[in-house]
Every structure is written in structure tokens, then in C-alpha cells.
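Colleague: Here it is, the structure in full.
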Amino acid sequence: MKKKLVALLMVAGMLATTLFGCSSQTGQESSADAAAESTGETTEEADTGTETETTAANEEDNKYIAMIALGFSHQYWQAVKQGAEEAAAELGYTITFEGPEQETMVDKQVDMLKTAIQNNPAAICMAAIDTGSVASILQEEKAQGVPIVGFDAGVGEEESDVKCSTDSIAAGALAAEHAGELLGGEGKIAIIGHSQTVVDAVERVQGFKDKIESDYPNIEIVDIQYGDGDHVKSAEIAKSMVTAVPDLDLIYTSNEGSCVGAYNGLKEIGKIGEVMLIGFDSSAAMKDAVRSGEIVGAITQDPIGMGRAAVESAVKLLNGEEVESFIDTGCYWYDASNMDDPEIAPLLYD
């Protein structure tokens with residue numbers, strides 16, 4: 001009888017311990033839920049808050065710079081990309097570099113900018129086809145503290161913190177000086193530009209025109225037309241210019257596409273050598289024609305240096321350092337006599 005009583009007491013004690021433990025655990029869970037309810041947060045929401053804090057920390061450490069160019073495939077833009085990537089690697093940043101197939105695709109470039117912004121870049125570097133089309137987008141990013149660096153054609157002055165580019169007015173003037181010398185101070189010139197909206201394209205023509213008009217009163221600019229940098233369009237323009245002005249002495253072109261197109265056009269009608277041709281930028285075709293003297297000379301930029309300067313400026317801005325509003329990355333005249341010189345050859349790209 002005593003054994004049965006002892007056994008019953010032991011079972012009762014075990015049941016009491018189990019019930020007390022369950023009650024305590026339930027009470028603790030209820031207290032946690034109550035606390036969460038009092039702050040308007042559930043346990044699951046508290047975990048989400050931790051993830052948000054981690055994400056915010058990652059954004060603060062963001063070392064990604066978005067670069068959107070006028071184009072992508074031409075070797076000039078690949079040279080800009082090379083310089084940008086070199087600088088980014090040295091400074092501990094990563095970049096994306098993109099541009100539309102043609103330098104007239106405004107809508108596509110705008111879409112590229114919007115997509116890049118979705119990736120939350122620390123800074124944006126851009127060469128805008130049409131500054132007005134991206135103005136409001138860039139202003140919004142700038143207002144949120146994102147540095148905006150223009151390179152090559154750049155962006156609008158209001159949107160840009162700094163511009164890294166060739167001084168296009170000076171580049172056009174340099175071409176005009178050589179044109180004046182080649183013509184001996186008198187003759188007839190026509191101009192084939194590549195854009196009437198891209199800032200640097202307009203300035204290359206304006207700089208050339210202003211220099212001729214101010215320093216060479218006996219040289220007449222008889223025609224200015226635009227071929228969008230397209231080889232076929234520029235070839236047709238060159239041929240029409242020679243037809244309209246049979247005693248035309250020289251054609252100045254404002255980019256590689258315009259120059260190669262004009263060269264092809266003059267060659268088709270047998271005017272190579274009779275009508276002098278000055279180009280801008282470089283390519284394999286241009287370099288061959290300059291070396292042979294069929295193109296009398298051209299202006300080259302420093303695209304690798306430009307890419308480096310854009311990224312370096314963006315990082316300085318991110319670090320709170322002062323940066324000049326305009327960084328001139330330089331321009332140079334090259335012809336058959338100097339294109340292999342050590343200071344010129346690295347600036348000529350295919």
C-alpha cells in the first residue's frame with residue numbers, strides 16, 4: 001500500500017513540474033507578443049528591421065560608379081572605358097560602362113541611365129547625346145547627394161558637378177590654325193559636322209569657324225552641313241559640296257565618322273589630294289590615310305586620360321574633396337610627320 005502511495009505521489013510531482021514549465025513558457029511568449037504589439041511590431045517585423053539596417057550599411061559602403069557614354073562600339077569609347085576601369089581598380093571601385101549603338105539614340109541612352117540608377121550607383125558619369133532629355137533625372141539624383149560627372153560631351157551645367165573633357169572650342173581652333181597654314185591664308189573651306197545637338201560637336205565646329213573668321217580674313221567658309229557621323233551620309237555631303245563649289249580647297253570634319261565618310265566620298269569622285277581633308281579623332285582607316293597624306297591631318301583627344309579623370313573626379317567628390325568644375329583632358333594635332341612620336345602615338349586608337 002505504501003509503495004502504491006509513493007508511486008502516486010511521484011507521478012503527481014512530475015505532472016506538476018510539466019504543467020508549471022508549460023505555463024512559464026507560454027507566459028514568456030505572451031509577454032514577447034505583448035511587447036511587440038505595444039511597439040506596433042511583430043517578431044517577424046523586428047527581423048526585417050535588422051535586414052534593413054544591414055542593407056543601409058551596404059549602401060553606405062557602395063563603391064559602384066555608373067558610366068553612360070554617347071556610344072560604345074567605336075574604339076574611342078573603348079579607350080575611355082579602359083582609362084575608367086584602370087582608375088576604378090586603383091581606387092577600389094567598380095564601374096559599368098555602356099552606350100547606345102548609334103550616337104543619335106537619345107531614348108535608348110535615357111533608358112540606360114534609368115536602369116543604371118535602379119542599381120543605386122555612388123556616382124554617375126555621363127556623356128549625354130541630348131542634355132535636355134536627362135536633365136530632370138540627373139537633377140533628382142544630384143539633389144539626393146549623388147555626384148554627377150560629365151565627360152566628353154558632358155551634361156548640362158546645372159546637373160554637372162564637374163566636366164572632364166577636351167576643350168572643344170580650342171580643339172576646333174587648333175584645326176583651323178593648321179587649315180590656315182595649309183592654305184597659305186586664303187581659299188575656300190567647307191565643314192561637315194556630326195551633330196547639331198551634342199555640345200562638344202557644336203563647339204568643334206564653332207571653334208573652327210570662329211578662328212578662321214577672326215584670323216584668316218581671306219579664307220571663306222562656303223558651306224556647313226551635318227551628317228550624324230554616318231559614313232554614307234558624310235560621303236554624299238562631301239560629293240555634293242565639291243559639285244556645288246568646284247574650286248573648294250579643303251573640308252574640315254568634326255569626328256571620325258564624318259572624316260572617313262568624306263574621305264570615301266572624295267575618293268569616289270577622284271578628288272583625293274585635290275581637295276584637302278582635315279579630320280577629328282582617329283581610326284585604322286584614318287591613320288592609314290594620314291600616313292599616306294590623303295588626309296592632311298587631324299585632331300586627336302586623350303580618351304584614356306578622359307576616362308581616368310572622370311572616375312578620379314567622381315571618387316574625389318565622394319570623399320568630400322574639392323574638384324575644379326572643368327578638367328581639360330587635352331587635344332593634339334597629328335599628321336604624317338608626327339603621328340609616330342612618343343607623345344602622340346599612344347593617343348591614336350583604331
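The values are calculated or read from the model by the stated rules, or taken from the named source; none is laboratory data. Every value quoted in this text rests on a predicted model; they were computed, and no experiment measured them. Here the Cβ positions follow ideal geometry from the backbone for every residue, glycine too, while neighbour counts run over all protein chains shown. Ligands, DNA and RNA are stripped out before the accessible areas are found, and what is left, the full protein with its side chains, is counted by its heavy atoms. Shrake-Rupley method; radii C 1.70, N 1.55, O 1.52, S 1.80 Å.
Colleague: Would you confirm whether any residue within the range 102-110 is β-branched (Val, Ile, Thr) and assigned to a helix (DSSP H, G or I)? So that I can check it myself, show each step before the final result.
Modeller: Within the range 102-110, the first condition is being β-branched (Val, Ile, Thr), and the residues that meet it are 104, 106, 110.
Still in the running and assigned to a helix (DSSP H, G or I): 106, 110.
Scanning the range 102-110, I find at least one residue that is β-branched (Val, Ile, Thr) and assigned to a helix (DSSP H, G or I), so the answer is yes.
Colleague: Go through the range 267-293 and report how many residues are in a strand (DSSP E or B) and basic (Lys, Arg). Spell out how you get there, then give the answer.
Modeller: Residues of the range 267-293 that are in a strand (DSSP E or B), as a first pass: 272, 275-280.
After this cut, where a residue has to be basic (Lys, Arg) as well, the list is none.
Residues meeting the conditions: 0.
Colleague: Restricting to the range 179-216, name every residue that is touching a residue at least 40 places away in the same chain (Cβ under 8 Å), part of a helix (DSSP H, G or I) and surrounded by 18 or more Cβ atoms within 10 Å (Cβ to Cβ). Explain how you work it out, then say what you get.
Modeller: So in the range 179-216, the residues touching a residue at least 40 places away in the same chain (Cβ under 8 Å) come out as 179, 182-183, 187-195, 197-201, 204-205, 208, 210, 216.
Subsequent filtering for residues that are part of a helix (DSSP H, G or I) retains 179, 182, 199-201, 204-205, 208, 210.
Hits for the range 179-216 are Ala179, Val199, Asp200, Ala201, Arg204, Val205, Phe208.
Colleague: Sticking with this one: For residues in the range 243-266 being open to solvent by 10 Å² or more (accessible area, probe 1.4 Å) and part of a helix (DSSP H, G or I), which is modelled with the lowest pLDDT?
Modeller: Top of the filtered list is Glu256.
Colleague: Pull up the range 279-301, narrow it to residues that are over 26 Å from the mean Cα position of the chain (by Cα) and hydrophobic (A, V, I, L, M, F, W, C), then point me to the one that is surrounded by the most Cβ atoms within 10 Å (Cβ to Cβ).
Modeller: Taking the range 279-301 and keeping what is over 26 Å from the mean Cα position of the chain (by Cα), we get 288-297.
With hydrophobic (A, V, I, L, M, F, W, C) added as a condition, the list becomes 289-290, 295-296.
Numbers: Ala289: 22, Val290: 24, Ile295: 26, Val296: 18.
Only one residue fits best here, namely Ile295.
Colleague: Related question: Taking Val110 and the conditions (1) under 20 Å from Val311 (Cα atoms); (2) under 15 Å from the mean Cα position of the chain (by Cα); (3) at pLDDT 95 or above, which numbered condition does it fall short on, given that it satisfies the others?
Modeller: Against the list (1) under 20 Å from Val311 (Cα atoms); (2) under 15 Å from the mean Cα position of the chain (by Cα); (3) at pLDDT 95 or above, Val110 comes up short only on (1).
Colleague: Let me ask something additional. For the range 328-350, name all the residues that are open to solvent by 50 Å² or more (accessible area, probe 1.4 Å) and not small (Gly, Ala, Ser). Full working, then the answer.
Modeller: To start, the set of residues in the range 328-350 that are open to solvent by 50 Å² or more (accessible area, probe 1.4 Å) comprises 328, 332, 336-337, 340-343, 346, 350.
Those that are open to solvent by 50 Å² or more (accessible area, probe 1.4 Å) and not small (Gly, Ala, Ser): Asp328, Tyr332, Asp340, Asp341, Pro342, Glu343, Pro346, Asp350.
Colleague: Now a separate question. Check whether at least one residue in the range 145-165 is at positive phi, modelled with pLDDT of 95 or more and surrounded by fewer than 19 Cβ atoms within 10 Å (Cβ to Cβ), and report yes or no.
Modeller: Checked against the condition, which is being at positive phi, modelled with pLDDT of 95 or more and surrounded by fewer than 19 Cβ atoms within 10 Å (Cβ to Cβ), the range 145-165 yields at least one hit.
Colleague: Is there a residue being in contact with a helix residue (DSSP H, G or I) (Cβ under 7 Å, 6 or more places away or on another chain), hydrophobic (A, V, I, L, M, F, W, C) and open to solvent by 60 Å² or more (accessible area, probe 1.4 Å) anywhere in the range 62-77?
Modeller: Scanning the range 62-77, I find no residue that is in contact with a helix residue (DSSP H, G or I) (Cβ under 7 Å, 6 or more places away or on another chain), hydrophobic (A, V, I, L, M, F, W, C) and open to solvent by 60 Å² or more (accessible area, probe 1.4 Å), so the answer is no.
Colleague: Residues that are modelled with pLDDT of 95 or more and over 26 Å from Gly92 (Cβ atoms): which strands (runs of 3 or more DSSP E) entirely in the range 294-338 hold 3 or more of them? Working first, answer last.
Modeller: Numbers: elements: 297-301, 326-328, 331-334.
In the range 294-338, the matching strands (runs of 3 or more DSSP E) lie at 297-301, 331-334.
Colleague: Which residue pairs have Cβ atoms under 8 Å apart, sit 6 or more places apart or on different chains, and have a first residue in the range 321-350 that is at negative phi and a second that is surrounded by fewer than 16 Cβ atoms within 10 Å (Cβ to Cβ) and of a type in the set (D, E, K, R)?
Modeller: Tyr332/Glu343; Ala336/Arg291; Met339/Arg291
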